[in-house]
Amino acid sequence: QLQASGGGLVQSGGSLRLSCAASGRIENIENLGWYRLGQGERRELVADVPTGGAANYADFVKGRFTISRDNAKNTVYLQMNSLKPEDTAVYYCYLRTLSSGKYATYWGQGTLVTVSS
C-alpha cells in the first residue's frame, strides 16, 4: 500500500513537498515516480527515479521539481518549487516492481495540489 501526503493550496511561486511511503517490505523495486491528473484529464508523467538510475523529469517541471527516494524507507519525495497555476492537479505516486520478468505497478491514493494565481 502506498500512502501519499503533502498536497495542499499554495500561491503561485510557492513550494510544496509531496511524500509517498510504501508500507511493508517490498522487494524488486524497479521504479518509483509521480504522475498527475489535471483539469485536462490527461495523465502526465511528472518524474520518476529508477532503481540504480538517474531521475527523469517531464519538460514542464525541469528545473523546478526534484524527485528523490529513500530506499530504506521505501519512500519517494517530490519537491516542487516555483509552482504555477498549471501545476494544479491530483498527484499520484507509483511503485513498480520487476520480478521474474513481470512488472507490477502499485498506486497511491492521490494528493491534490492547488496553485492559486
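The values are calculated or read from the model by the stated rules, or taken from the named source; none is laboratory data. Because the structure is a prediction, the values reported are computed rather than measured. As a convention, Cβ positions derive from the backbone with ideal geometry for all residues, glycine included, and neighbour counts pool all protein chains shown. Accessible surface areas use protein heavy atoms only, side chains included; no ligands, DNA or RNA. Shrake-Rupley method; radii C 1.70, N 1.55, O 1.52, S 1.80 Å.
What to note about this one:
- Test: residue in the stretch 72-83 that is surrounded by 15 or more Cβ atoms within 10 Å (Cβ to Cβ), under 17 Å from THR111 (Cα atoms) and at pLDDT below 95: yes
- Annotation note: Cβ proximity below 8 Å between a residue of the stretch 23-48 that is closer than 14 Å to SER68 by Cα and a residue that is open to solvent by 50 Å² or more (accessible area, probe 1.4 Å) and among the aliphatic types (A, V, I, L, M) (sequence gap 6+ or interchain) occurs for GLY33/LEU45; TRP34/LEU45.
- Selected residue (criterion: surrounded by the fewest Cβ atoms within 10 Å (Cβ to Cβ)) from residues of the stretch 59-71 that are hydrophobic (A, V, I, L, M, F, W, C) and in a loop (DSSP other than H, G, I, E, B): PHE60
- Qualifying residues in the stretch 30-45 (those that are crowded, with 19+ Cβ neighbours inside 10 Å and out of contact with any helix residue (DSSP H, G or I) (no Cβ under 9 Å at 6 or more places or on another chain)) - the one nearest to GLU86 (Cα to Cα): TYR35
- Counted residues, the stretch 84-117 - those being touching a residue at least 60 places away in the same chain (Cβ under 8 Å), open to solvent by less than 20 Å² (accessible area, probe 1.4 Å) and not β-branched (Val, Ile, Thr): 6
- Scanning the stretch 4-21 for residues that are surrounded by 13 or more Cβ atoms within 10 Å (Cβ to Cβ), more than 15 Å from the chain's Cα centre (by Cα) and not in a strand (DSSP E or B) yields a count of 2.
- Of the residues screened, ASN56 is one that is touching a strand residue (DSSP E or B) at 6+ places or on another chain (Cβ under 7 Å), more than 19 Å from GLY7 (Cα to Cα) and open to solvent by 70 Å² or more (accessible area, probe 1.4 Å).
- Residue count, the stretch 22-58 (criterion: assigned to a loop (DSSP other than H, G, I, E, B) and either under 12 Å from the mean Cα position of the chain (by Cα) or not aliphatic (A, V, I, L, M) (or both)): 15
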